[in-house]
Structures are given as C-alpha cells and as structure tokens.
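Here is the structure we will look at.
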Amino acid sequence: MADIRSNFVGIKSPNPFWLASAPPTDKAYNVERAFKAGWGGVVWKTLGEEGPPVVNVNGPRYGAIWGADRRLLGLNNIELITDRDLYLNLREIKQVKKNWPDRALIVSLMVPCEEQAWKAILPLVEETEADGIELNFGCPHGMSERGMGAAVGQVPEYVEMVVRWCKQNTRMPVITKLTPNITDVRQPARAAHAGGTDAVSLINTINSITSVNLDNFAPEPTIDGKGSHGGYCGPAVKPIALNMVAEIARDPQTAGLPISGIGGITTWRDAAEFLALGSGTVQVCTAAMTYGFKIVEEMIEGLENWMDAKGHATLDDVIGRAAPNVTDWQYLNLNYVTKARIDQDQCIKCGRCHIACEDTSHQAITAMVDGKRHFEVIEEECVGCNLCVNVCPVEGCIDMVPLAAGALDKRTGEKVEPVYANWTTHPNNPSKVAAE
Amino acid sequence: MADGLYADGIAAGRLSGEEYEKNFADLHPPLDRHEAAVEADRCYFCFDAPCTTACPTSIDIPMFIRQIATDNPLGSARTIFDQNILGGMCARVCPTETLCEEACVREEAEGKPVQIGRLQRYATDAAMEADAQFYERAAPTGKSVAIVGAGPAGLACAHRLAMHGHDVTILEARPKPGGLNEFGIAAYKTPNGFAQAEVDYLMAIGGIRLEEGKALGRDFSLGDLTRDHDAVFLGMGLAGVNALGAEGEAADGVESAVDYIAHLRQARDLASLPVGRRVVVIGGGMTAIDAAVQARLLGAEEVTICYRRGQEHMNASAFEQDLAASKGVTIRHWLQPTRIIADNGRVSGIELEYTALKDGRLSGTGETLTLRADQVFKAIGQSFEAGVLNGSTASVELEGRRIKTDAEGRTSMPNVWAGGDCIAGGDDLTVSAVAQGRDAAESIHRALAG
C-alpha cells in the first residue's frame, strides 16, 4: 500500500490533503468535523490583529457559475478574514491541536504591514502550539482596500519584508500564500524566497464578477443593488493554478522551494496533478464547500490506488515529477506529428467533432460518407489540434495518434523526421540559432 | 370499490369517481422547470441532428432544447411552432420512441434518449399558458381556400395559409374541430380539453372560418368547393372502419374501437360510459391499444387484444405494448376472429382461429380458441371513403384506395391538394398529417402567387 504520509517543511500530516484557509476552517466545530472526516490538515481561517473583529456583509457572500446539470464550476466570495474574536480563535486552535496531535494545523494570518503588528500576533499563535503559519498575501477583496492581503502580495518588496519579519520573530515554519492577481507569479515567489519563507502556497482567489443580474443590472452577488469583485475559486481556476505552480517549480531561482498547491482541487486526480507539478501538499476548499468533508475519503483512497497501480511508494516519488516536462513553447518538438483517430465503435454520431472542425478549424472531419452519417478524420487536412477530442462527449472515442518517424504526413506530403527540432532552429525563425 | 365492478355484461359505473379521475389523468405529467432544465442539459446539440431528421415536421430539436436550457421557453416554443403549429399535441401523442427519441445519440450512447417529447411539451405549454402568439397574417391576398376536415392536416394547412394572407374556410363534418386529436386519441394522452385549447390557440391568428357539421358529399360537393374557392385542401381522414369478416359480427356489443374512443373522449362523465366485464379487442395498432387500455381503465376485468400476426408485426410501438401490459391488458398473437358467439343477439364470446405464416402467407391452422366476451372492439384499421369525392367533378385519382398526391400534396385535380390519413403512402401519424398540411399550404401559396 502506498504511503501517503506527508512531511511538509517539518509539518507532518497523515495525508497531503489540507483544507485551505476559508469559511470551512473558521471555527473548532467545522475543523473537528473535518478531522473526523479524515482531512490531513487544516489552515485555520485568517486571523487579524487584536481588537474589534472585521465585519462581513449581511447579504449574499457567494456567487457562482455552473456547468451542465448545474454542477458548480466556479465560486466567488466576498467574505473577509475571520469576524470572530482573536482570543476565541486562539483558544479553539489550541484545543483542536491538542485533540488532534497527528494532524497539521496551520494558522493563516493577516495584520497591517507594520513589523510591530506581526511581532504582536506571532507569539500568540506560537502559544497555541499550531504547526505553522500561512501569510495571507492573497485575499483580493475588502482587506486589500485596507492595505493588506493582495495589496501586499502584489508588491514583491512588501512580501519579502513581511516574510523576513515573521522569520525573525517566530520559530514556526512560514508558508507564504500568493495572489494570482499579478502578471508574473515568479516575482512574489522569488521575493518570499529571498525573505526566507519555508514554503509558498498558491493560488489564492482571483478577482472576479461571476454574473450580472439582468433585472437590476447589478453584479452578483448583489448587496442592496451593488456588487464588488470577489475571489474566484473552484474547478474553473485549476488550470490557472496548475500553471502558476509549475512556473514556480521550474524557475531556477525558486526551484526546490516547497509548494502547497491550491486551486480547484476536487478529486484525487486533481491532487495528483498538483503534486506532480511540484506541490508537497494540496489545499482544498470549494469542493468541500460543494459536497461536504466526506470527499476526502475518495481523494485519499483514489490517490493510494493510483500510486499502488503505478508503483509509487511515497509522495516523494510523485512530487515534482511533471515539472521538468513543463517547458517554453519554443522548445516543443516541431517534428512530433499527430493525427486524430475516431473509434467508430465508440462513436455515437453526434457530429460535434465535425462541426467544430468544419466551422472553426481545419475542415478535417467528414459528416457523410457514401450517403451515410459518418465521422472520419481526413488526414490530409488534420493538423492534430485536439479540438475534436475536447468537444467529443465520449471519453476515449477520439485519440491523437502520433505518426512514427518516417511515416508520411498526408497534410504536408513530407515524411516525419526522426529527430527533435524546435522553433529555435527552424528556418522560418528570423532569429534562429545554428543547429548544433 | 364501486358497485358493479364485476357485473357481467356491459355496464356503466364500475369504478368510483376518484378511480376514474386517477385512471384518466395525464399519462406523462408535465416537467416542471427544474426537471426541464436537468433534461435539457442532457442534449448534446448534435450537428445535423438525427432527432431533427427523424421528425416528420423537421423541428430544430437541439435548438429548442438549448432555448429551454437557457431559460427561454417562449423562444423554444417558437422554434417548435415554426415547423409544427400543433407541436403541443405532437409532444403528447407522437410515438417519440420510434421517431426523434429513437434517433437521439444518447439512445445509442447509453440507451436513454433525451426526453424530447416531454421537453417539447414544456416549451409549448409555456407559450400557450402565456398566450404568446408568434405569427401575424400577411397582408390579405384576396384569395380563398377551402379545407375539408379540421383535423391535424387541415388545421396545419389553415394556419400556414392564414399566415400568408389567404382567407381560409374549414368545413368539418363533426360538431367540433380537432379530428382525431379531439375524437381519436386515448384520453390520458391529452386530458383537460387540450385539443380544443390548441385549436383556439392556432385559430387566434385570424382569417380562418370554421363551419362545423358540414360533411363532404352530404352538405356540399367537391365541385361546389372548386367553383367557389381558389384552391381546395382535402384533409378528411378515414371515415370507414374495416369489418372483421367474422360470422355474427352484427351482434350487439361488437363495436368499432374508433367510435368507442370518440364516444369516450366526448363523455362528460366517465362513470356513465358502459364497458364490458370481459373485453376482446381485435387488432394490433395504436387504436387497439388505446381501446384496450381505456377499457381496463373504465373497469373492465379482463381485456385481451388478439392480433393475427406476431408481436414483431404489431403497428403499436413497444412502448404502447408495454403500457397496455402495465395496465393489465393481455396481448395474444397469432389469432384471427372467425365467429362471434351471441346470446339473444348480444355478444357472449368470440371464437378465434390460430394462425401461422406458411411460405410468407398468413393462414389459419384450423385450431380454435374461444374467449368469453361481453364486448368486442374492432380495431383492424380504417379505410378511406372515396365515394364522397365523386360525382360533382372530374374524379380525384386514387392509389391503393386513398388519394394520390405528389410530394407537395397536389392531387390529380387542378387546384386540389390533400394531406393527412386520407392520402396514399402515409404512416397515419398526427405529426405526418401536420407536415403534409403545412407543406400543401406552401404549395398552394406558391400556386396562388404565381
């Protein structure tokens, strides 16, 4: 049986599945339920500085988009950090950690961008015996208007500065949570690294408006006729998160920096993908908010089964394995040629591959052959784009089949070259370099 | 239980009022908004969709379902009505399992097609409830068209002609419009006066005059129509009922299934409708099923359909056969009637002969079976009564005992078109009659404009 115990910057958990800092981790009641359900760790919802707590709106806090059958694809929220008293949270954290010593319990923090504020809160957290802290530099709404959250995360110099303060003032491991609301996630990651962070976690939520109410012309969620951009999360953001994780994993300046991956993780497979791109643990929120804490059972069991089937004994055998295969476009092999192939036994004849190709791509799929409804790839036209695969409702019905070296590419009339060759050496590239 | 449930002979009031109400309620209750949304999400929006190809009226099914999915039921209804102004009735009575839903790719993918018929009903009901009218008459052309028969073919033809600005007069032999929609279809498929509501909905376009109680050959002749109108459309359906050819057929209690269903559809109180304790229905089509199921629902204890060929030859769809079985109807195959057994002139049983196919021909085996019966329904098909056409003008050419038409519905007579069950080569479906009426209207319009 695969061993999925995790040791992430010294923080141990029985599995790599943590609940992200968010509404599900705001109080002992929820966190106790999560641990009972099997979650390996929890990042407690962000604590602010001592004093009267923040207040939340009293109208709707969430907006969403849905796929077919009203499956929730993306969620946004305008909730702020915890609106409960600091000391109540600290007492509960201490008790929960005492009750669940084998689970990871990390405390998310967000206080004003002044050293004194951080110096004040760190010992209070240490006293709970929590396993570490996560710096919330990502929250994109509300707190950022007050100079915190994303307002810090968007300025690499601030990130480095605050991380350094924390490292100098606590023995606890520091995880720096990054905002995706920037153009290049490597910049704040490098800054956190330079400040001495033990790890980064990403992504926080994305600025978003999920929909507009067409009766009163206001964005959703609507508070008394007005709306504000909220933080977007859920399955829809997973591709953005995966890319950002990969960017940090393959950046020479941050390579090897532990990452806790976050963003739309819903199944064991999503989690495995984040691990493969370099995440040591994964954090989940929307999936739990959609289906409840029980989903972790599927995640744990699915990950173990997959690892057993593939012969991966521990998480270290998986973590980062896909990162070296993330490269720049210019290094992709232009001599790799694929053609779509439709399995006629599986085809249900919906014709979506045909119309997608016919209307929007390369006119490379038939609709009618010998007077019969029949969908088949015209290899002379197929550029191997994969659109047909993506629009086909039957998984596995259409494959992209690579042509062997020496085979004829009917589209170009040329044989497939056996050697790797990319854009940097291509004759059409005005700044090509001589092939070695 | 009502008194008389097991009374011998033909008796009314076998059930309680509640039981009648329950038995004759909507066969497929309407989808609510949530159900419609869930079902609409299942549609793949196929290219050149097989469901549309399978629909005799070629409704753009993926489009109307997408419009339901995007919470635009009125837009959806318009997509349906553009092709089929009786889309509401067709949603209820079409054998979708052998048309659009059989062709649905999800039938191939997972044996569970999108419920197209019920979605169509959802959209058309929404439009009718909102009384949303999508069509206006074009400027009057001054041309006049007579239509014989206010059934699906005649109504579809009338609506399309009215849209094009022609003046339409429909002559209907019965006291009410609707044809088989009103008189011929099982009550549980179209309850709550839907057939009349649909007629009212489509007549609202204006320009259509309906004359009830006017029968061709009795109250007017074809010659009158061709003389007084610029064009004529014949959509009078099938007035004749095929005889059993069995000895003693004239006995009391031997009835035409079509007439019985018409009677049932017009009954104000189902409790007043007598039905046998033991009923035998002869036939293998939809009418046989409709008569048999309704006899059971009226309280008949034993209902047996006897069909002279095998199950695979029955015109009734598998769904209809299953429906009959689920209502307690017994379907027996390879039996043909030879003799009605009567007591004092009233049917008391029926003698049937077993049949078999020998070298592709059906023949009796000589072995017989006798079933007790208080009531026997004939449902072995209807026939076209051609006599009404003749005498006043050059005769209309027939083909296989029905009216011969070309692809546009033109008959052999100039300015006379025909459609629906009375024409040759059809499949006797409501939806096909609608398509033929609509297409004939377009042909008439082209001829009148030319």
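Near residue A:45, the amide H atoms lying under 5 Å from its own belong to A:22, A:25, A:26; only residues 5 or more places off or on other chains count, and H is placed 1.01 Å from N. Counting only DSSP beta bridges with both residues in the protein assembly as shown, the antiparallel share comes to about 45 percent.
Label zone (residue A:243, point 7 Å along Cα-to-C-beta; backbone nitrogen cut-off 13 Å) within the stretch A:177-215: A:180-186.
Over the stretch A:132-192, the Kirkwood radius and the radius of gyration, each from Cα atoms, give a ratio Rg/Rh of 0.96.
Distance between the modelled labels on residue A:1 and residue B:397, one decimal in nanometres: 8.4 nm (7 Å Cα→Cβ projection).
Set the Förster radius R0 to 45 Å, insert the Cβ-Cβ distance between residue A:344 and residue A:126 as r into 1/(1 + (r/R0)^6), and round the FRET efficiency to 0.05. Before the final figure, lay out each step's value.
Details: r = 65 Å, r/R0 = 1.45.
Here the calculated transfer efficiency is 0.10.
For the stretch B:241-381, give me the percentage of DSSP beta bridges that are antiparallel, rounded to the nearest 5 percent. Expressed as a percentage, antiparallel bridges in the stretch B:241-381 total about 50. Sort the stretch B:91-159 into rounded, prolate or oblate with this rule: let a ≥ b ≥ c be the square roots of the eigenvalues of the Cα gyration tensor; rounded if a/c is under 1.5, and if a/c is not under 1.5, prolate when a/b is larger than b/c, oblate otherwise. Taking the square roots of the gyration eigenvalues as a ≥ b ≥ c, the stretch B:91-159 is prolate.
Taking amide H positions as modeled 1.01 Å from N, with prolines and chain starts lacking one, the residues under 5 Å from residue A:134 and 5 or more places away or on another chain are A:107, A:108, A:109, A:175. For the stretch B:192-205, backbone phi angles converted through the Karplus equation (6.51, -1.76, 1.60; θ = phi - 60°) give residue-by-residue couplings of 6, x, 4, 4, 5, 4, 5, 4, 4, 4, 7, 6, 5, 5 Hz, Gly and Pro being listed as x.
A straight line joining the Cα centroids of the stretch A:373-399 and the stretch B:64-134 runs 30 Å. As a proxy for reagent exposure, A:245, A:9 were ordered by neighbouring Cβ count within 10 angstrom, fewest first; the result is A:9, A:245. Extension gain, residue A:333-residue A:88: 0.36 nm per intervening residue step, less the Cα-Cα distance, totals 82.5 nm. Evaluating 6.51 cos²θ - 1.76 cosθ + 1.60 at θ = phi - 60° for every residue in the stretch A:365-377, the Karplus couplings come out as 9, 6, 10, 9, 10, 6, x, 10, 5, 7, 10, 9, 7 Hz, glycine and proline recorded as x. The alpha-carbon positions of the stretch B:1-88 define a convex hull whose volume is 169 Å³ per residue.
Using a ≥ b ≥ c from the Cα gyration tensor of the stretch B:241-381 (square roots of the eigenvalues), is it rounded, prolate or oblate, where a/c under 1.5 gives rounded and otherwise the larger of a/b and b/c decides, a/b for prolate? Taking the square roots of the gyration eigenvalues as a ≥ b ≥ c, the stretch B:241-381 is oblate.
Over 21 Å between C-alpha atoms is what I'm after, so list which of A:119/A:167; A:97/A:238; A:119/A:177 land there. With Cα atoms farther than 21 Å apart: A:97/A:238.
The stretch B:235-249 and the stretch A:19-87 have their alpha-carbon centroids 75 Å apart.
Ignoring lysines fewer than eight residues from residue B:358 along the same chain, the ones with Cα atoms less than 26 angstrom from its Cα are B:378.
With q set to 0.14, 0.16, 0.17 Å⁻¹, the log10 of I(q)/I(0) for the stretch B:33-129, from the Debye formula over equal scatterers at the Cα positions, is -0.41, -0.54, -0.61. Note on the stretch B:241-381: with charges restricted to the Cβ of Lys and Arg (+1) and Asp and Glu (-1), its dipole about the Cα centre is near 120 debye. Taking other C-beta atoms within 10 Å as the exposure proxy, A:108, B:326, A:144, A:228 rank B:326, A:228, A:144, A:108 from fewest upward. Helix by helix through chain A, keep the DSSP H runs that span 15 Å or more along the axis on Cα and average at least 0.0 on Kyte-Doolittle, and give those back in order. Span-like helices, by this rule, are A:115-126, A:238-250. The lysines within cross-link reach of residue A:415, meaning a Cα-to-Cα straight distance under 26 Å and a gap of 8 or more places when in the same chain, are A:339, A:432. Among B:47, B:183, B:384, the residue with the largest mean-square fluctuation in a Gaussian network model of chain B, with springs joining Cα atoms closer than 10 Å, is B:47. Rounded to the nearest 20, the size of the Cβ-charge dipole of chain B about its Cα centre is 520 debye, with Lys and Arg at +1 and Asp and Glu at -1. What net charge do the residues around residue A:136 carry, taking every other residue with its C-beta under 11 Å from that of residue A:136, with Lys and Arg at +1 and Asp and Glu at -1? Here the count lands on +1.
Working note: Karplus 6.51/-1.76/1.60 with θ = phi - 60° gives the stretch B:401-412 the couplings 6, 10, 6, 8, 9, 8, 5, 8, x, 6, 8, 6 Hz, where Gly and Pro are set to x. Modelled spin-label separation between residue A:214 and residue B:354, with each label point placed 7 Å from Cα along the Cα-to-Cβ direction: 6.6 nm.
Helix B:430-449 and the longest principal axis of the C-alpha atoms of chain B enclose an angle of approximately 30°. Sorted ascending by nearby beta carbons within 10 Å, beginning with the fewest, A:306, A:329, A:18, A:39 become A:329, A:306, A:39, A:18.
Using alpha carbons only, how many angstrom separate the centre of the stretch B:155-176 from the centre of the stretch A:196-210? Distance between centres, Cα-based: 68 Å.
Since only A:219, A:271, A:100 are under comparison, the one whose Cα sits farthest along the positive direction of the charge dipole of chain A, derived from C-beta charges on Lys, Arg, Asp and Glu, is A:100.
If a/c stays under 1.5 just call it rounded; otherwise compare a/b with b/c (prolate if a/b is bigger, oblate if not). Do that for the protein assembly as shown, with a ≥ b ≥ c from the square roots of the Cα gyration tensor eigenvalues. In terms of gyration-tensor shape, prolate. Under 5 Å between amide hydrogens, built in the peptide plane, is the criterion, and for residue B:147 it picks out B:169, B:170, B:171, B:233 among residues at least 5 positions away or on other chains. Each Lys and Arg adds +1 at its Cβ and each Asp and Glu adds -1 at its Cβ; summed about the Cα centre, the protein assembly as shown shows a dipole of about 740 debye.
Laboratory data are not the source of any read-out in this text; all were calculated from the coordinates shown. All values reported here derive from a predicted model rather than from experimental measurement. Cβ coordinates were reconstructed from backbone atoms using ideal geometry, including for glycine residues, and neighbour counts include every protein chain displayed.
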